[in-house]
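S.K.: First, the structure itself, so that you have it in front of you.
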Amino acid sequence: MNGYCALLAVTTGLVPALLLAASPAAAEEISALVWCDHTDEAFLKPFTDATGITVNVKDYEGTGTALSLVDQSQPGDWDVFVVDTTDVKRVVARGLLAPLNPDDFPLSDVPEAVRLPDYHTVDGKMYAVPEKFGYNAIAFDKSKVTEAQARDITTLWNPAFKGQVAIYDYYLPIIGQVAVALGKKPQDLTEADLPAIKEKLLAMRENSALVGDIVTSQTALATGQVGILAGGGEYAVAGIAADKPNLDWVLPDVGGIRWQQAIGVFADSKKKADATKFVQYVLSPAGQAALATSSCYWGMPASSKATLTPEQKKALRWDEQPTFLAKSYPYPSPTEAFDQKMQDLWAEVLQN
Amino acid sequence: MSAFLRSRLLGFADRTGALALTAGMLVFIYLPVATLVLFSFHSGRVPVPPFEGPTFDWYLKVLASDRVSGATLNSLMVGFGSSFVSTALAVLAAWGLARHRMPGRRVIEVLLYMPLAVSYLVIGLGLLLLFSTLGFGKSLWLVGIGHVVLNLPLAFVIIYAQIDREQARLEQAARDLGAGEVQVFFRITLPLLRIAILAAFVLSFTFSWDEFIVAFLLSGFDPTLPVVIWGMLRTGLDPQTNAAGTLVFLVSIIAAVLVELFLLGRRRR
Amino acid sequence: MTDTVTGVTPERKAARRQAVRGLALAAPAALWTFAFFLLPTLAIALWSFFRQQGRELVTVPGLDNYRRFFEQSAFVKGLWNSLEVTLLVTVFSVLLAYPLAWVIATRIAPRFQRLVLMLAVLPFWTSYVVRSYAWLLVLAPNGVINQTLLSLGFISEPLKLSFNQGATVLGFVHFFTMLCTLTIYSSLSRLDPKLHLAAADLGAGAFAIFWRVTLPLTMPGIASGAFLTFVVAVGDYVTPQILGGNNQLVLPQLILMQVIRRADIPMASALSMILMLLVVAAYLAAARWLTRGRA
């Protein structure tokens, strides 16, 4: 019986000991709100090794989620923000980002089509820099559907493919893709377009086996659960290309949707210098390469100087980018009110 | 057919039926666990059948990962800390309520039982709302506070049920022999309750160790292990998740088996 | 000796001292529960009458969120989905757990009972997040179940087992069968075997004994298992999120959607209130046996 008391004493004694052990050393650290590709240790460690700055990362999926997280935290909690390029203006309107000095970053390494100054600049001030992009197109299983079928956008709502489709759970690219299929530019969408889009979305939903986040849809495709992933792209298949050679992706013939991430510094950050250093690392050739091939998902680096191997470039289809860029549109960039409307629509589509 | 033969046959059918049912249920119960553990040794990058391997690489990767080891430390701290607080508060409350005549006892009992009937999700949401309104940032402390809310009723129920009348007589005897209240508490009450206390502590620990939603809503940059595993599920398809899950399972069952063998088994005798 | 001024007898003084000490001992736990459980829950109730308008929190109380709940089909469907899933889970868990608990309690030698019981509920301790994920691997087209059925020739192509309501129910039933086995076993093991013999002596058949004696006496075990199952399952986010494939969303998924995607805490609060109402309804349904079980 004394054994138990001893055990209790040891365990309770452990608490203060662990608390002591875990209290952080006085090293510098910054906090970053990021998409999951920035959480890779292989990506973060070189920066910490070189500068002594530790990066605390919190990952999110979708701008709404990021803004919710910011709403639920205190000013000054965050230093670095990775956000969809199309939402930079919305974030700036909330006063979240600090202006950046363009001379601090190697923007000349970023191809013209990716630099998109309109999206990153408000009132002549630059608030974020492009860092990575890719496509929310069609990922598919070559053993289940042909490339021609995958390129045909109507396949998504063709009843012949019922149960074969997975939909990536992010309303912006999917609604954007449907808009493109209906002959509209995602940028020009208004509330009046939503009924027509809803009709197609519901038809697509009818065909779909599931709507999932990055990994769930990836799993569904990799396990053969579905043959087509709407909203999929290199991010869903390039990373597992070696294990699953039957997976591929294409842009639909009507045109596809391009995702692009930008990185900026929070206006309330108390460590702007360190945060800027991190942004510079992300834009450096080594940082760009590690980010492009992150374990969460792969994507094209914004900088053409990224130090990627020929195999990696091949998996990312480096050489075909000019064609892809020409054939794809950025996400819609809605106002707050329109964004709520689209989220309502998406909830309804999910629930059907 | 003779009555003897019939009863033998029935007995055989009965035993076979019982065996088949138990076996069938065990297969059902162990199917996901076995799959999880098996594919933690899978050598391919994607943890889906057919099985290839075995390999220990994923375990090495998980053990070497700073995120996982940091989260393990966080989970241990929250687990021990919150279980200690829950158990201590539960012991005091159980002693206070069981041994003292007082007004409002029923109200306090109901208050302490109440969290049992509310979903963890709602408790987590309430704390998120409260703390963000008060201006506290998310942190491991908040997770710990939340876990005490979840585990306190459980610890209280266990300990309250064990403070029985017989024990009250022993306490009274000690008082009659001149022991003060503090002495009675530490020399009589606590030792007599030690099994219930340890059971409450270990159970609280395993619940905290495994708790996801409150930790997910309230943790900042210092996630607990279930939150990190959730992140792994969402951010990369590989058998590391299986390896991490297997390790978590191992810790939980060691705790559960310890309780079973040393505490519950002992009480029966 | 009586204190003539205040009229307080020593007995009453002692009684008051006892009351104060008892309250003082219970105070830390009560205050903790009040501050970190009751207060937040009341805050949720209050917030459910507020409204989120863009980034503004409108603190003029109103029923907008509840109106939205009934107007937007996604929410009402979420309520029905939650009820459907939870009721199915509760029924199946009890139906599977009862025979198992019964076999353990009546067909296994007493000294092995605890061992078998422990074996049967050991996976209860698997990490909760990972367990759902493990089911995903089991149910996959090339998972264990489909491969077995294929190789036995029962099916010619893999069944779609995961990412639907059935998968969610299965994942839940797996967990709660273990829980109900525990509560029902504890009821069964407390049954007096003499009751069984007495009923048999009075000429009752095996079925009549079960129906008239065993089942009624084990109702508290069934009710407490079923109630626990209901409360935990109705409020769970992880299992439907991993196994349900975002098909037929349940209330917790809709709540989290408000919290993590839209920062609409008032709407999340209103949905939480509805979730709590479900639990209250379940409690009322099971109360008869729950209180008897405690007595």
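S.K.: Cα to Cα, under 13 Å, and not fewer than 8 places away if on the same chain: which aspartates and glutamates meet these conditions relative to A:Lys185?
M.R.: A:Asp193
S.K.: For segment B:65-268, what's the relative contact order in percent, using C-alpha pairs closer than 8 Å and at least 6 residues apart?
M.R.: It comes to 35 percent, rounded to a whole number.
S.K.: Next up: Straight distance only, please: which aspartates and glutamates reach the Cα of B:Lys61 with their own Cα at less than 12 Å, same-chain residues fewer than 8 apart left out?
M.R.: A:Glu41, B:Asp238
S.K.: So, one more: Tally Lys and Arg at +1 and Asp and Glu at -1 over the other residues with C-beta under 12 Å from the C-beta of B:Leu225: what net charge comes out?
M.R.: That works out to -2.
S.K.: Separate question: Of A:Ala196, A:Ala179, A:Ala262, which is the most mobile in a GNM of chain A whose springs link Cα atoms less than 10 angstrom apart?
M.R.: A:Ala196
S.K.: Take every Cα pair under 8 Å in segment B:1-129 that's 6+ residues apart, average their separations, divide by the length, and report that relative contact order as a whole percent.
M.R.: Worked out over segment B:1-129, it gives 9 percent.
S.K.: What spacing in nm lies between the two simple spin-label points modelled at C:Ala15 and A:Val254, each 7 Å away from Cα in the Cβ direction?
M.R.: 8.2 nm
S.K.: Continuing with this model, one more query. What number comes out for the charge environment of C:Pro141, summing +1 per Lys or Arg and -1 per Asp or Glu over other residues with Cβ under 13 Å away?
M.R.: 0
S.K.: Right, next: What does the charge count near A:Lys198 come to, summing +1 for each Lys or Arg and -1 for each Asp or Glu among other residues with Cβ under 13 Å from its Cβ?
M.R.: With Lys, Arg at +1 and Asp, Glu at -1, the net is -3.
S.K.: Continuing with this model, one more query. Name the residues whose placed amide hydrogens come within less than 5 Å of the amide hydrogen of A:Lys132, ignoring near sequence neighbours (fewer than 5 apart) on the same chain.
M.R.: Those lying under 5 Å, H to H, from A:Lys132 are A:Gln261, A:Ala302.
S.K.: Explain nothing, just the number: relative contact order of chain C, from Cα pairs under 8 Å at least 6 residues apart, as a whole percent.
M.R.: With pairs under 8 Å counted, the relative contact order is 26 percent.
S.K.: Just subtract the alpha-carbon distance of A:Ala113 and A:Trp318 from 0.36 nm times their residue separation and send over the number in nm, one decimal.
M.R.: Taking A:Ala113 through A:Trp318 to full extension adds about 72.4 nm, to one decimal.
S.K.: Which of C:Tyr237, A:Tyr127 has the fewest other C-beta atoms within 10 Å, and how do the rest follow up to the most?
M.R.: Ranking C:Tyr237, A:Tyr127 by Cβ neighbours within 10 Å, fewest first, gives C:Tyr237, A:Tyr127.
S.K.: I would also like to ask the following. Compute a Gaussian network model of chain C, connecting alpha carbons closer than 10 Å, and tell me which residue from C:Gln147, C:Gln248, C:Gln18 fluctuates the most.
M.R.: C:Gln18
S.K.: Once amide H atoms are placed 1.01 Å from N in the peptide plane, what residues at a sequence separation of 5 or more from A:Arg258, or on another chain, have their amide H within under 5 Å of its amide H?
M.R.: A:Asn136, A:Tyr329, A:Tyr331
S.K.: Name the helices (complete DSSP H segments) of chain A with a Cα length along the long axis of 18 Å or more and a Kyte-Doolittle mean of at least 1.0, or state none.
M.R.: Membrane-span-like by this criterion, though nothing is claimed about a membrane: A:2-22.
S.K.: Show the residues, 5+ positions off or on another chain, whose built amide H is closer than 5 Å to the amide H of A:Asp84.
M.R.: So A:Asp84 has HN proximity to A:Ala262.
S.K.: For a test of the definition: using alpha carbon positions, the gyration tensor, and the 1.5 limit on a/c, classify segment A:137-270 as rounded, prolate or oblate.
M.R.: In terms of gyration-tensor shape, oblate.
S.K.: While we're here: Based on DSSP H runs of at least 4 residues, each adding -39500 (n - 2.57), what is the mean residue ellipticity at 222 nm of the protein assembly as shown after dividing by all its residues, to the nearest 500 deg cm²/dmol?
M.R.: Helix contribution divided over all residues of the protein assembly as shown: -19500 deg cm²/dmol.
S.K.: Hey, got the dipole for chain C? About the Cα centre, +1 on K and R Cβ, -1 on D and E Cβ, debye to the nearest 20?
M.R.: 700 debye
S.K.: Going by how many other beta carbons lie within 10 Å of each one, how would you line up A:Trp35, C:Trp102, fewest first?
M.R.: C:Trp102, A:Trp35
S.K.: Just to check I understand the Karplus step: with θ = phi - 60° and J = 6.51 cos²θ - 1.76 cosθ + 1.60, what whole-Hz values come out for segment A:114-126, glycine and proline as x?
M.R.: 9, 5, 6, x, 4, 6, 9, 10, 10, 6, x, 9, 8
S.K.: So how strong a dipole does segment B:65-268 carry about its Cα centre when Lys and Arg Cβ are +1 and Asp and Glu Cβ are -1, to the nearest 20 debye?
M.R.: In debye, rounded to 20, segment B:65-268 gives about 580.
S.K.: Let me make sure I get this right: for chain C, a, b and c are the square roots of the gyration tensor eigenvalues over alpha carbons, sorted descending. Under 1.5 in a/c it's rounded, otherwise prolate if a/b > b/c, else oblate. Which is it?
M.R.: oblate
S.K.: Which of B:Leu177, B:Thr241, B:Leu121 sits closest to the plus end of the dipole of segment B:65-268, meaning its Cα is farthest towards the positive end, when Lys and Arg get +1 and Asp and Glu get -1 on the C-beta?
M.R.: B:Leu177
S.K.: For segment A:223-240, take each phi angle, set θ = phi - 60°, evaluate the Karplus expression 6.51 cos²θ - 1.76 cosθ + 1.60, and give the result in whole Hz per residue in order, putting x for glycine and proline.
M.R.: 8, x, 4, 10, x, 10, 10, 6, x, x, x, 4, 4, 8, 10, 4, x, 10
S.K.: Just check chain B against the gyration tensor rule for me: Cα atoms, a ≥ b ≥ c as the square roots of the eigenvalues, rounded for a/c under 1.5, and otherwise prolate or oblate depending on whether a/b exceeds b/c.
M.R.: Since a/c reaches 1.5 but b/c is at least a/b, the shape of chain B is classed as oblate.
S.K.: Under the Karplus relation 6.51 cos²θ - 1.76 cosθ + 1.60, θ = phi - 60°, what is the ordered set of whole-Hz ³J(HN,Hα) values for segment C:146-152, x standing for Gly and Pro?
M.R.: Those phi angles translate into 4, 5, 5, 4, 5, 6, 7 Hz.
S.K.: Distance check, please: which entries in A:Lys58/A:Lys144; A:Lys45/B:Lys138; A:Lys184/A:Lys305; A:Lys200/A:Lys327 exceed 30 angstrom between their Cα atoms?
M.R.: Where the Cα-Cα span goes over 30 Å, the pairs concerned are A:Lys58/A:Lys144; A:Lys184/A:Lys305.
S.K.: What list do you get for A:Asp49, A:Asp84 if you sort them by fewest beta carbons within 10 Å?
M.R.: Least to most surrounded, the residues fall as A:Asp49, A:Asp84.
S.K.: Would you mind telling me which residue in B:Leu111, B:Leu125, B:Leu150 has the biggest mean-square fluctuation in a Gaussian network model of chain B, where springs connect alpha carbons within a distance under 10 angstrom?
M.R.: Top of the fluctuation ranking is B:Leu111.
S.K.: About its Cα centre, what dipole magnitude does chain A give when the only charges are +1 on Lys and Arg Cβ and -1 on Asp and Glu Cβ, stated in debye to the nearest 20?
M.R.: 360 debye
A short reminder: the numbers here are calculations on the coordinates, not readings from a lab. What you see is a predicted model; the values in this text were computed from it and never measured. Backbone-built Cβ (ideal geometry, glycine too); neighbour counts: all protein chains shown.
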